[in-house]
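I have placed the structure first, in the form of structure tokens, so that the comments after it can refer back to it.
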Amino acid sequence: MSRLATALSSRAPLPQLVEQAKFVEGLGYDRIWLPEISGRDAFVTAAILATQTQTIGVGLGVIPLPSRPLPALEMAVATLAESAPGRVAVGLGAGHRETAAPQFGWRGPASPDKVGEAVFAIRAALETSTLHHYGAGGESCVLKLRGQHIEVPPQLFVGALRPRMVKIAAGIADGMLLNWVTEARAARLCALAGEVARGRMFTTAAYIPVCVVDRPKDRDHAYRKVASQLSSYLQLSAYGDPLADDGYADDVKAVREARRYGRDATAAVSERLIQAVAMIGDADEIRARIRGLRAAGIDEPVLAPVTIGRDSASSLLLTLTALAE
């Protein structure tokens, strides 16, 4: 079944974010995904949006596993699932080696196996109302999940860009969430997920930067915005290395060198790479690209609006209105 989702920026003022959620619900979008980078807590934000809307799904994608102790994560998932029965999806990711310590003081990213174990643990906690974890000394601790009344369990997604994580996602989770992915890589990863899932219900979703434009200067502005975002992501091995493998090694190398020597990394991102991972053009052009992504195996394109001009809120709503189905 074809679905269409959107990602809303957690940087917008909270009242504006609530109004945007209500607006896209009215447009017929199936789900709102909220990334968690630094800023608002994604669980709290999702709970607010869920209580201010009626039917649209709310997804968290992705929550870096090292950012919370597992029992705290289990309780947060349970609380959110209770607040919006049948509407919640939670994406879990390993985190990034390059940002773990500087941003949050983590020891490092979680291994793929740890992400898989977390999916098992969360599902077990919701089914048995019991939290299992290990204390500081390695001792096993059991806590009762009290006061939760979960009518419908949440969907559990795994952030995946490489085959090992895809296999874990397709083996135990309800879906996988891709980001900064080319159509060709999406096709390969979706095919692999299908082989592992073996016919069971499994959703493939992918964040796609999108911007509906009709003037050359607006197109150029959107390209610059995507280049700026990419110049940050390409320094992370989880994103840069797969794109290098897909034929964009020159971009990845140029961006990393520019950052290392304090040069403008945005200028190092090629138009070819931007065209491969983002959709910028008129509405018909983008709809055709969305159809291509679905043909590659993506069940749920997640449109992440690239805003241009001085009024970013209007730019966001213009793009999402033009692409609503």
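Points worth noting:
- Considering each residue of the range 186-202 in turn, at least one proves to be more than 24 Å from I274 (Cβ to Cβ), of a type in the set (G, A, S) and surrounded by 17 or more Cβ atoms within 10 Å (Cβ to Cβ).
- If you go through the range 138-182 and keep only what is in a strand (DSSP E or B) and either modelled with pLDDT under 95 or basic (K, R) (or both), you end up with S140, C141, V142, L143, K144.
- Restricting attention to the range 219-245, the residues that are closer than 17 Å to I208 by Cα and among the charged types (D, E, K, R) total 3.
- Yes/no for A205 being in the same structural domain as A184 (by TED's automatic domain parsing) and either without any contact (Cβ under 8 Å) to a residue 40 or more places away in the chain or within 21 Å of A186 (Cβ to Cβ) (or both): yes
- The set of residues from the range 309-325 being basic (K, R) and assigned to a helix (DSSP H, G or I) is empty.
- Of the listed requirements (1) among the charged types (D, E, K, R); (2) within 21 Å of R291 (Cβ to Cβ); (3) modelled with pLDDT under 95, R185 misses just one: (3).
The values are calculated or read from the model by the stated rules, or taken from the named source; none is laboratory data. This structure is a prediction, so every number in the text was calculated from the model and none was measured. Using ideal geometry, Cβ is built from the backbone for each residue, glycine included, and neighbour counts are taken over all protein chains shown.
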